[in-house]
Structure formats: structure tokens, C-alpha cells
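Below is one structure, written out as C-alpha cells; comments come after it.
The values are calculated or read from the model by the stated rules, or taken from the named source; none is laboratory data. Everything numeric in this text was worked out from a predicted model, so none of it was measured. Cβ coordinates were reconstructed from backbone atoms using ideal geometry, including for glycine residues, and neighbour counts include every protein chain displayed. These accessible areas exclude ligands, DNA and RNA; they are computed on the full protein's heavy atoms, side chains included. Shrake-Rupley method; radii C 1.70, N 1.55, O 1.52, S 1.80 Å.
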Amino acid sequence: MYDGEPELGRNDDCWCGSGKKYKKCHLDFDERLQALADAGEDVPHRYLLKTPQDIEGIKRSAEVNIGVLDYVAENIREGITTQDIDKWVYDYTVEHGAIPAPLDYEGFPKSVCTSVNEVVCHGIPSPDEVLRSGDIINVDCSTILDGYYSDSSRMFCIGDVSPEMQELVRVTKEAVEEGLKAVKPWGHLGDIGAVVNAYAKDHGYSVVREFGGHGIGLEFHEDPFVSFTTKAGTGPILVPGLMFTIEPMINMGKARIDMSDPNGWTVRTKDGKPTAQWEVQIVVTDEGYQLISW
Ligand code: MF3
Ligand code: CO
């Protein structure tokens with residue numbers, strides 16, 4: 001097969017774990033994938049495609065992840081520190097039998113990313129960072145439950161936020177919603193980035209190139225990389241079962257970023273202007289997509 005896996009016999013058990021014969025299960029599907037690969041399309045390897053059992057497990061993980069973000073939404077306010085958010089996330093997650101995925105991930109020291117104002121992503125919670133009226137913050141939560149990964153992030157406006165920054169937060173959320181509309185089974189991944197980018201540009205914003213979404217489910221970061229600076233009709237095929245995040249970082253000013261923070265993590269806009277991000281996790285289905293985490 002195109003992905004290097006052996007070709008099954010018609011009467012073999014299907015690879016998807018259904019217990020059905022291959023000819024009664026994924027044979028037609030695999031022939032479609034092979035034909036697309038033969039036509040020169042970029043077809044995701046089948047190990048990336050989530051089975052119904054995988055999706056069940058990942059949804060249980062996402063239930064915790066969504067719960068953490070709901071808890072943050074209820075409690076975040078002026079005067080708390082980003083360290084307080086870290087404690088909420090850690091405590092809620094472990095109380096629900098799960099593990100915060102960022103903790104110790106490639107040396108990341110905390111349980112959640114908290115990115116305030118001009119911080120693009122990977123802000124590290126700190127007891128010295130107090131939320132003030134006028135701040136905007138992205139809280140990016142990722143959870144491991146029974147080996148299954150979930151990942152989503154939301155923006156919060158603290159106190160009186162300027163209309164310009166409120167608009168950035170709103171438009172970034174709408175950009176994700178536009179991206180979701182572009183998820184069509186058997187379409188291209190690049191369709192998503194193209195609409196997200198156009199939507200941001202139409203509002204005078206720019207989209208960060210260096211970071212984006214990613215496959216997820218059995219690992220924190222799987223293929224494919226989900227860029228938001230793509231052209232429609234390009235990139236991997238959106239095969240049902242493919243699971244990934246949509247998480248554009250949209251800057252009020254220029255797209256360039258500054259990665260020079262000595263902590264090795266915190267990414268800022270180069271021009272110091274505000275930036276926003278929302279993240280959802282989805283799986284492509286035969287009909288469209290299903291939201292997994294938000
Ligand atoms: N949640 C981030 C993402 O979307 C991951 C941050 S990795 C960390 O990929 F270690 F910085 F938390
Ligand atoms: Co992510």
C-alpha cells in the first residue's frame with residue numbers, strides 16, 4: 001500500500017479492529033486512498049486514522065480538558081496570577097484521574113500555557129504575573145487520560161479591554177469557525193489554512209507562520225502540521241478518521257515573532273503588538289467533522 005503497510009487479503013480481518021472481513025470493511029476505503037496516492041495526492045498514513053475505540057478514549061480525555069477550561073472560565077478574573085491558573089489546571093486534572101500534558105513535556109515546567117497580550121504562545125505561568133484590567137490571555141490546556149490526548153485553548157478578556165483588542169479576540173474565534181466550515185471529507189488540509197488566513201487578512205491582521213495545529217490523539221503532536229498560511233487544494237487529504245487541532249495565532253500587527261526569551265519557551269510578537277489564539281480539536285468524519293475538544 002501507499003503507506004508501506006502490507007496489503008490484506010479480502011478475507012483477512014480488517015486492520016481497523018472491527019472484527020469484520022477486510023472486503024466487508026475497509027477494502028473500498030483503502031482502494032480510494034491508494035488511487036489518490038497514485039494520482040499524486042498527499043494521503044495520510046493509515047496509522048494516523050483514529051478507530052471508533054480511539055475516538056471514545058480521546059473523548060474521555062477531552063471531557064477533562066473541556067472541564068478544566070470551563071473551570072478556568074468561571075474563575076479567571078483581575079488580580080489573580082497565571083500561577084493560580086496553573087494550580088487550578090493541575091488540581092482539576094489530577095482530581096479527574098488525568099495528567100496535564102504540558103508538564104515536563106520537553107522540559108516545559110508547568111501544567112498549562114498562559115499567553116498574555118503580546119505573547120503568541122507557550123507563556124509559562126508565574127506567581128509574578130498578575131492579570132490586570134485590559135489584559136487578554138490565552139489559556140492552552142492539554143490532557144492525557146489513559147494514554148489518550150486532548151488539546152484546546154480559549155481566550156479571556158480581563159476587566160475593561162480596549163475595543164481593538166476585543167475585536168482581535170472575536171475575529172480570531174471567527175477565523176477558527178471559518179476554518180471549521182472548510183473541513184470537508186476528502187478535501188485538502190490546505191483549504192482550512194487558506195480561509196483562516198483570508199479571514200484574518202480581511203480584518204487587517206496577520207497570521208503566525210512558524211506555529212500551527214497538529215495531529216493528536218495517541219500522541220501529543222502527530223502529523224500533519226496544520227499551517228494557516230496554506231493555499232486551497234494543497235496538502236494532505238482530509239481522510240475520515242484524521243484528527244488534528246485548528247489553532248491559528250493571529251497578530252494585530254506584523255506576523256514576525258520573537259523567540260529570544262532566555263526561558264526557551266515564551267514566544268512574542270516581534271512588534272510587541274497584541275496577538276490572539278483559539279484552539280479546537282476535531283476528527284474528520286464521513287459527513288464533515290466532529291468537535292472533540294474546545
Ligand atoms: N498546547 C500546545 C499545542 O497546542 C502545546 C504546548 S507544549 C508545551 O501544541 F509544552 F509548551 F505546553
Ligand atoms: Co495544540
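Here are the numbers for this structure:
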| item | result |
| --- | --- |
| Cα-based Kirkwood hydrodynamic radius, the stretch 43-165, one decimal, Å | 15.2 Å |
| Between helix 82-95 and the chain: long-axis angle, C-alpha atoms, 0 to 90°, nearest 10 | 40 degrees |
| Hydrodynamic radius of the stretch 64-130 per Kirkwood, over alpha carbon pairs, in Å | 12.2 Å |
| Disulfide-incompatible cysteines by the Cβ rule (no partner under 4.7 Å) in the chain | CYS16, CYS113, CYS121, CYS141, CYS157 |
| Cα centroid of the stretch 188-264 to Cα centroid of the stretch 102-175, whole Å | 17 Å |
| P(r) weight above 22 Å for the stretch 190-286, C-alpha pairs, percent | 32 percent |
| Equivalent-ellipsoid semi-axes of the chain, from the Cα gyration tensor, Å, largest first | 36, 22, 15 |
| In sequence order, calculated HN-Hα J values of the stretch 183-188 (Karplus, 6.51, -1.76, 1.60; Hz; x Gly/Pro) | 7, 10, x, 6, x, 10 |
| Sorted peptide list for 127-134, 64-71, 202-209, criterion being average Cβ within 10 angstrom, highest first | 64-71, 202-209, 127-134 |
| In degrees, nearest ten, helix 52-75 long axis to first principal axis of the chain (Cα) | 10 degrees |
| Sites ASP160 and LEU27, calculated FRET efficiency, Cβ-Cβ separation with R0 45 Å, nearest 0.05 | 0.15 |
| Cα Rg, Dmax, the stretch 1-60, angstrom units | 12.4, 38 |
| ³J(HN,Hα) computed for each position of the stretch 162-175 - Karplus, 6.51 cos²θ - 1.76 cosθ + 1.60, integer Hz, glycine/proline x | 4, x, 5, 6, 4, 5, 4, 5, 5, 5, 5, 5, 5, 4 |
| Nearest-10 value in Å² for the accessible area of LYS173, using the 1.4 Å probe | 90 Å² |
| Cα-Cα pairs of the stretch 155-199 separated by more than 18 Å (percent) | 39 percent |
| The stretch 136-223 - Kirkwood radius from inverse mean 1/r over Cα pairs (Å) | 14.9 Å |
| The stretch 1-157, accessible surface, carbon-and-sulfur percent (1.4 angstrom probe) | 45 percent |
